[in-house]
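A short write-up of the structure that comes next.
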Amino acid sequence: MAATQQNGPDEPGSRQSRWTEPDPDSVASRIAAFLKLTNREFAAELAAFIASSEDDRVTAYAVRSPELARKARRLVAELIQNPDKYLAAPAGESKNHHRERLRRFRLDAEHEAQLLHNVTAGIIARRGHLPPEANPRARARRRLADEFPERYLELVREEQEADVARAEKERETRAAERAASR
């Protein structure tokens, strides 16, 4: 009769050896490093993480942290739409291999997008709120601000100046109406 093999916690076939919590200090330092990156640099790091076949738990915990989850979620959509922008093609890669690599990357990026969606929904739920409805205008506004920050800030300043001018004109109109009624 064959004896059943029981795997200990350190044996390769055991479930316990496959799951290890990353060091919290390592995760915190990775989060701090990612927060210092520009959106494009962070998107490149995120693409490398998604495309990697290695199991990098420190990066996974950092990307899915409350500090980075929303930003990562926005950038993953860009990665799904334009993977060629972030993935360099190896020299001599055939078209079929390239298409297959992009297809796998898109699938992995969509999986990461779903994880990030759940993480952000959980963050919102822990605060006692429901996740907001999809708002394509707000997402487009954020993407434009990310892609063209100088122009975005210029437009914001113009709108602020217009608000100040409008408020001043209304004050003058009310003052003139009060003076006329006396």
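So which helices (runs of 4 or more DSSP H) stay within segment 54-93 end to end and still have 1 or more residues that are among the basic types (Lys, Arg) and either touching a residue at least 40 places away in the same chain (Cβ under 8 Å) or not assigned by TED's automatic domain parsing to the domain that holds VAL27 (or both)? Passing ranges, in order: 69-81. Please work out if GLU100 is without any contact (Cβ under 8 Å) to a residue 40 or more places away in the chain, in a helix (DSSP H, G or I) and exposed (fewer than 13 other Cβ atoms within 10 Å of the Cβ). The answer is yes for GLU100. Restricting attention to segment 140-182, report how many residues are surrounded by 10 or more Cβ atoms within 10 Å (Cβ to Cβ) and outside any helix (DSSP H, G or I). The total comes to 1.
The values are calculated or read from the model by the stated rules, or taken from the named source; none is laboratory data. None of these values were measured; they are calculated from a predicted model. Positions of Cβ are backbone-derived with ideal geometry, glycine not excepted, and every protein chain shown enters the neighbour counts.
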